[in-house]
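First comes the structure, then the notes that go with it.
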Amino acid sequence: MTNEQPGLFEEFPENREEIEVESDLIVQADDYSHLPFLPGLGREEAYADIKDIIELEKIARECRRCRLRESCSQVVFGEGPPDARLMLIGEGPGQDEDIQGQPFVGKAGKLLDKILEAAEINRSEVYIGNVVKCRPPGNRLPNPDEVKECQKYLEAQIKLIKPSIIVCLGSMASQTLIDPKAKISRIRGSWLIRQGIKIMPTFHPAALLRNPGYKRPVWEDFKQIRDEYKNLP
């Protein structure tokens, strides 16, 4: 979303509490294909029969399951290698993304490009997407029913791409992937593991445009992401 979006920011506490990892985030199994990745979502709900990311994108572009498609210009499905090891997930397209049909191409996207460059991560190696694929009117936060419909595509994207690392950019991505009650100011910078995938929540780049004080913690988070990414087997 763009830097004008409301509802992205919380107070950043001086003394962060230790993060307690929920037991259901650490699941040991040889095969996770039958298990849903996102909390509260059944595997059978999320296009489990689709075996190709291009086919999934075609279905998403025809989607009319919620009201967002009626007010946006186009579906912004996501972009990046279909076998990317690193996946970044934001909240939803903003105005620039809606016009260009690509995620993170506005002011927040340009800042994300700089962060990736500083971390020596090539954007072309990363799969970048959002929780919702259509721009909410006025860049408002997506409503729960809109997220409920669109997270089925996100679930399928994760299952098809099979990344080793997922970065949640902002509150909504963290709440969708980690826990509906998650507070980004408390959990950012801490690794979680689900189904063998490492998850790092951090502030949305738009938050940095509004509050430059978030730049330092986000850079610390991306240094961890960089090191973990570079050390992937």
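Coordinate-derived values only; no laboratory data. Owing to the predicted nature of the structure, the values given are computational and were not obtained by experimental measurement. Neighbour counts run over all protein chains shown; Cβ positions are idealised from the backbone, glycine included.
Summary table below
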quantity	calculated
Theoretical ellipticity at 222 nm over the chain - DSSP helices of four or more residues, -39500 (n - 2.57) apiece, nearest 500	-10000 deg cm²/dmol
When the convex hull of its Cα atoms is projected in every direction, mean area for the chain (nm²)	11.8 nm²
Ranking of Cys150, Cys63 by count of other Cβ atoms within 10 Å, fewest first	Cys63, Cys150
Full-extension gain in nm, Glu45 to Gln95, via 0.36 nm per residue minus C-alpha separation	15.1 nm
Among Asp145, Asp83, Asp31, residue whose mean-square fluctuation peaks in a GNM of the chain (springs only between Cα atoms under 10 Å)	Asp31
Positive-end extreme of charge dipole, the chain - chosen from Ile99, Ile193, Ile50 (charges on Cβ)	Ile99
Förster radius 25 Å - calculated FRET efficiency between Arg140 and Asn211 (Cβ-Cβ, nearest 0.05)	0.80
Inter-label distance, nm, simple model (7 Å from Cα along the C-beta direction), Lys110/Glu70	3.5 nm
Flagged links, alpha-carbon separation over 24 Å, of Lys58/Lys133; Lys58/Lys152; Lys107/Lys148; Lys51/Lys162; Lys107/Lys223; Lys152/Lys198	Lys107/Lys148
Projected label distance in nm at Arg123 and Lys223, using a 7 Å step from Cα toward the beta-carbon	2.4 nm
Size of electric dipole in the stretch 23-230: Cβ of Lys, Arg +1 and of Asp, Glu -1, about Cα centre, debye, nearest 20	720 debye
Whole-number percent relative contact order across the chain, with pairs defined as alpha carbons under 8 Å at least 6 apart	28 percent
Stretchable slack from Leu35 to Ile54, in nm (0.36 nm times residue separation minus alpha-carbon distance)	4.6 nm
Cβ crowding within 10 Å averaged over residues, with 217-226, 47-56, 200-209 ranked highest first	200-209, 217-226, 47-56
